[in-house]
1. I'd like the Karplus ³J(HN,Hα) series for region 141-148: coefficients 6.51, -1.76, 1.60, θ = phi - 60°, whole numbers in Hz, and an x wherever there's a Gly or Pro.
2. Assuming 0.36 nm per residue, please report the length gained on full extension of the stretch Gln47 to His151 beyond their Cα-Cα distance.
Amino acid sequence: MKFNTFPLVSSLADNVLSDRISRLDRLFSQLTGDVPLSATPSYDLKQLDDEHYALTVSVPGWQEHELEVEVAGGRLSVSGRKAQSDSDSEAEQDAGGWIHRGIVRSDFHLSYSVPEHMHVTQARLQDGLLRVELRLEVPESEKPRRIPIAHHATEAIEHQQAG
């Protein structure tokens with residue numbers, strides 16, 4: 001029978017360092033009023049073609065009813081607010097023997113500037129990833145148009161000398 005060893009010492013050292021960095025981040029955030037980096041979920045933003053974009057936000061452990069996606073006033077907002085019953089059960093879990101908890105479990109709010117004609121076409125949650133699909137729909141009247149430059153042949157005026 002083969003036993004796989006679990007590198008507990010190096011893992012604990014990494015967790016202690018990570019915990020200290022997280023505490024410093026929270027301390028500076030409290031002093032400046034900023035949101036700590038650890039409370040902001042990571043995301044990817046990809047341009048699929050000239051009109052289509054995809055925003056993918058990492059939200060492990062979140063449910064659809066706890067997330068909100070909104071476009072208003074040139075801002076795309078993605079936010080998460082844990083349901084009250086979930087935070088109660090997490091308080092019970094916090095009393096457990098956690099060695100490291102790196103998954104963000106606090107409320108968050110992300111905000112992005114978007115062009116005037118950007119619309120959310122779909123948002124779906126799958127495997128801990130929230131995918132927001134966007135489309136840029138610029139009306140024909142506002143799209144750039146190429147103006148042809150006409151070649152106009154000028155007639156030469158002959159100068160006649162009096163004579």
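Since every read-out is calculated from the coordinates, none of them should be taken as a lab result. In this text, all values refer to a predicted model and were calculated from it rather than measured experimentally.
1. Each residue's phi maps through the Karplus curve to give 5, 9, 6, x, 10, 8, 9, x Hz.
2. Details: separation 104, 0.36 × 104 = 37.44 nm, distance 3.93 nm.
Length gained, Gln47 through His151: 33.5 nm.
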